[in-house]
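The values are calculated or read from the model by the stated rules, or taken from the named source; none is laboratory data. It should be emphasised that the depicted structure is a prediction, and the values quoted were computed from it without experimental measurement. Backbone-built Cβ (ideal geometry, glycine too); neighbour counts: all protein chains shown. Each accessible area value is taken on the protein alone, full model and side chains, heavy atoms only, with ligands, DNA and RNA left out. Shrake-Rupley method; radii C 1.70, N 1.55, O 1.52, S 1.80 Å.
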Amino acid sequence: MEPAKSVSLGSSLLVPSVQDLIKTQLGVVPSRYLRPDQDQPIVFDADVPIVDLEKLIDEATMDSELAVLHSACKDWGFFQLVNHGVSPALLENMKTQVQEFFNLPMEEKQKFWQSPGDVEGFGHLFVVSEEQKLDWADLFFLVTQPPDLRKPHLLPKLPLPFRHWRTTPSR
């Protein structure tokens, strides 16, 4: 087996967890989370584009589905992928495990805190200055593929379901 490659995905300054900020009962959202320069979101009733992977790999329907994919990426920036072969049970299990992680007490989640200068772990991504505007959210970021980019030092800290999922080879 080859030694692990050293690849940097960037770095991030450590900032307080949003969940910790909420517990302090600030009364107002801190200014670094406010974005008055951005337009308010426009809410409209429309269907999210759906891309069918089976149609993308079938020569008879590939061209028309590529047009759907192109339009979804160009006009929306995202889409729902169907017929991808990932079992609904696996997706639901992963969703449940992620929710259970975020429901852990903060003391448990802090065991997974990002290391200074790294982006993997619990926290925020790509915080590069103290003045930077931040999203009002915490996240948990892991590199899972390719396996040689995984960070073994994180594995012993991960809750059991994530350790199993993360170390299971892809097929």
Q: With a point put 7 Å past each Cα toward its Cβ, work out how far H84 is from V43 in nm, to one decimal.
A: 2.7
Q. By how many nm would the segment from M106 to S31 lengthen if fully extended, with 0.36 nm per residue of separation less the alpha-carbon distance?
A. 24.7 nm
Q.
Longer than 31 Å from Cα to Cα, which of K109/K133; K74/K95; K95/K133; K74/K111; K23/K133 are they? Say none if no pair is.
A. K74/K111
Q. What is the set of long-range amide H partners of L81 at a cut-off below 5 Å, with H atoms built 1.01 Å from backbone N?
A. V51
Q: Hey, can you find the accessible area per residue of segment 54-162 for me, probe 1.4 Å, expressed in square angstrom?
A: 64
Q. Carbon-plus-sulfur fraction of the accessible area of segment 82-141, 1.4 Å probe, in percent?
A. 58
Q: Tell me the label-point distance for the pair I50, D135, using the 7 Å Cα-to-Cβ offset, in nm and rounded to one decimal.
A: 2.6
Q) Got a sec? What order do H153, H84 fall in by accessible area at 1.4 Å, biggest, i.e. largest, first? A) H153, H84
(Q) I need the peptides 128-136, 50-58 ranked by packing, meaning the mean over residues of other C-beta atoms within 10 angstrom, with the highest value on top. (A) 50-58, 128-136
Q: Would you list which aspartates and glutamates come within 18 Å of K151, measuring only between C-alpha atoms, while excluding same-chain residues fewer than 8 positions from it?
A: E2, D118, E120
**Q.** H70 paired with Q19, simple spin-label distance in nm, labels 7 Å along Cα-to-beta-carbon
**A.** 4.5
Q: Using a Förster distance of 22 angstrom, determine the FRET efficiency expected from the C-beta separation of Q99 and K151, and round it to 0.05.
A: 0.40
